[in-house]
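A.B. asks: The structure follows.
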Amino acid sequence: MKRRGFLLSLISLFGLSALSSFVYSAFRYLLPTSEVSGGGIQRIKKDEIPSGRSKDIVLNNIPVIVINIPQKGYVAYSKVCTHLGCIVQFDPEKRVFICPCHAGTFDINGNVISGPPPRPLTKIPLRIEGEEIIIG
Ligand code: FES
């Protein structure tokens, strides 16, 4: 009887461990992977990013890209893919972001074009003050 109780406790412990592992994974999957927090800002000189060009920066430990879109101006996005968190690459010729992990593709506005990402890229707020771009 003692042995049986021990085995049941052991099986319960393994079951609880497996269940908590599953619940944690599901919870992490459902949470946004590209949240920007921390409240930091970065300043870039406007002339560092000519029209049609981009610059990669790190803001609050998150890789961010700032793009100067012709006739639109400056925009900034987190480069963290909204699928499973890989870092997207910007193709300036095609004006798309491509995720190397599962071929998720985003347009220049950060919207999903194809692949598994469930949401657009996270847009990072920015403002222009004189000759500077203030990001974050
Ligand atoms: Fe980007 Fe899967 S992590 S498409």
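A.B. asks: Open to solvent by less than 80 Å² (accessible area, probe 1.4 Å) and at positive phi: is that true of GLY104 in this structure?
C.D. replies: no
A.B. asks: For ILE98, are the conditions met, namely being within 16 Å of the ligand (Cβ to nearest atom), among the β-branched types (Val, Ile, Thr) and open to solvent by 50 Å² or more (accessible area, probe 1.4 Å)?
C.D. replies: Answer is yes for this residue.
A.B. asks: Also: Which members of region 101-120 meet the condition of being near the ligand (Cβ under 10 Å from one of its atoms) and either part of a strand (DSSP E or B) or among the aliphatic types (A, V, I, L, M) (or both)?
C.D. replies: ALA103, THR105, PHE106, VAL112, SER114
A.B. asks: From the residues in region 70-90 that are open to solvent by 40 Å² or more (accessible area, probe 1.4 Å) and modelled with pLDDT of 95 or more, which one is nearest to the ligand (Cβ to nearest atom)?
C.D. replies: In this case the residue turns out to be LEU84.
The values are calculated or read from the model by the stated rules, or taken from the named source; none is laboratory data. Source: prediction; values computed, not measured. Every residue, glycine among them, receives a Cβ derived from its backbone with ideal geometry; neighbour counts consider all protein chains shown. SASA here: full protein model, heavy atoms, side chains in, ligands and nucleic acids out. Shrake-Rupley method; radii C 1.70, N 1.55, O 1.52, S 1.80 Å.
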